[in-house]
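Engineer: My questions will all concern the structure given below.
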Amino acid sequence: MTRCSIFILLVTLVAVGGESFYQLAFSAGFGRDVTFAQGRVIVYDQILLNTGNVYNRTMGIFYCPQSGVYAFHFHVMSQYGKEAYLQLHHNHNKVASAYCYPTRHTASGNSAILHLKTVDQVWVEAARTAYLHGTAANSYTTFSGYLISPSFDVKC
């Protein structure tokens, strides 16, 4: 048995034997109004799901534990009469934006499907001072992500 076939066998056993790298997902939001300065990472305070502990609730960053294709969604509602402009970042590269005009409560959102490598990072950042709306009953501003398909960088 070659080293490559042993690796593939071990990956198969891990995938079949219970919790695995296939179960990676998170969803987070806010239960109150918050404000973030320009350039700050948005740190969500309500964790709705964090399977695989992939979302760091202290830093506000998704850390990729398994290479593969991932989907990310972020939605924002501005505080009444204020602006909110957020950007999704992948390893310091802007990927997508969402903007709320400063009239009443406005909402926006965006999504991205990304191919990530192990240890890549994804987060939402304030492109300008962001006035984000949330209530105890409703998370209007959210950030979610999940693994669509793992990839294996096996060189045999």
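Engineer: May I ask you to say which residue of Tyr70, Tyr131 is open to solvent by 20 Å² or more (accessible area, probe 1.4 Å) and not β-branched (Val, Ile, Thr)?
Structural biologist: Of the residues listed, the single one that is open to solvent by 20 Å² or more (accessible area, probe 1.4 Å) and not β-branched (Val, Ile, Thr) is Tyr131.
Engineer: In addition: Can you name the condition, by its number, that Gly60 falls short on among (1) on the phi < 0 side of the Ramachandran plot; (2) buried (at least 16 other Cβ atoms within 10 Å of the Cβ)?
Structural biologist: Every condition holds for Gly60 apart from (1).
Engineer: For Tyr22, all conditions in the list (1) open to solvent by 50 Å² or more (accessible area, probe 1.4 Å); (2) in a loop (DSSP other than H, G, I, E, B); (3) at pLDDT 95 or above hold save one; what is the number of the exception?
Structural biologist: Tyr22 satisfies all of (1) open to solvent by 50 Å² or more (accessible area, probe 1.4 Å); (2) in a loop (DSSP other than H, G, I, E, B); (3) at pLDDT 95 or above except (3).
Engineer: How about the range 73-114: which of its residues are buried (at least 17 other Cβ atoms within 10 Å of the Cβ) and without any contact (Cβ under 8 Å) to a residue 12 or more places away in the chain?
Structural biologist: Within the range 73-114, none qualify.
Engineer: Still on this structure, please answer the following. Quick one: which strands (runs of 3 or more DSSP E) sit completely within the range 51-156 and have at least 2 residues that are among the polar types (S, T, N, Q)? Write out each step before concluding.
Structural biologist: Numbers: elements: 61-63, 68-77, 84-90, 93-100, 107-116, 121-126, 130-132, 142-150.
The strands (runs of 3 or more DSSP E) meeting that bar are 93-100, 107-116, 142-150.
Engineer: Looking at the range 102-112, which of its residues are over 11 Å from the mean Cα position of the chain (by Cα) and modelled with pLDDT of 95 or more?
Structural biologist: Narrowing the range 102-112 to residues over 11 Å from the mean Cα position of the chain (by Cα): 102-110.
If the condition is that a residue be over 11 Å from the mean Cα position of the chain (by Cα) and modelled with pLDDT of 95 or more, then Thr106, Ala107, Ser108, Gly109, Asn110 are the ones that fit.
Engineer: For the structure I just gave you, tell me whether Ser139 is crowded, with 16+ Cβ neighbours inside 10 Å, hydroxyl-bearing (Ser, Thr, Tyr), at pLDDT below 95 and within 21 Å of Arg40 (Cα to Cα).
Structural biologist: Yes; evaluated as a whole, the condition is true for this residue.
Engineer: Out of Arg3, Arg32, I need the residue that is at pLDDT below 95 and of a type in the set (Lys, Arg). Which one?
Structural biologist: Details: Arg32 fails: at pLDDT below 95.
Checking each option against the conditions leaves just Arg3.
Engineer: Do we have Val34 as surrounded by 17 or more Cβ atoms within 10 Å (Cβ to Cβ) and touching a residue at least 60 places away in the same chain (Cβ under 8 Å) here?
Structural biologist: For Val34, the condition - surrounded by 17 or more Cβ atoms within 10 Å (Cβ to Cβ) and touching a residue at least 60 places away in the same chain (Cβ under 8 Å) - is met.
Engineer: Looking at (1) surrounded by fewer than 16 Cβ atoms within 10 Å (Cβ to Cβ); (2) farther than 14 Å from Thr142 by Cα; (3) of a type outside the set (Gly, Ala, Ser), can you tell me which one Val54 breaks?
Structural biologist: (1) is the only condition that Val54 fails.
The values are calculated or read from the model by the stated rules, or taken from the named source; none is laboratory data. Fair warning: this is a prediction, and the values are worked out from it, not measured in the lab. Virtual Cβ from ideal backbone geometry, glycine too; neighbours counted across all protein chains shown. Areas reflect the complete protein model, heavy atoms only, side chains present, ligands, DNA and RNA absent. Shrake-Rupley method; radii C 1.70, N 1.55, O 1.52, S 1.80 Å.
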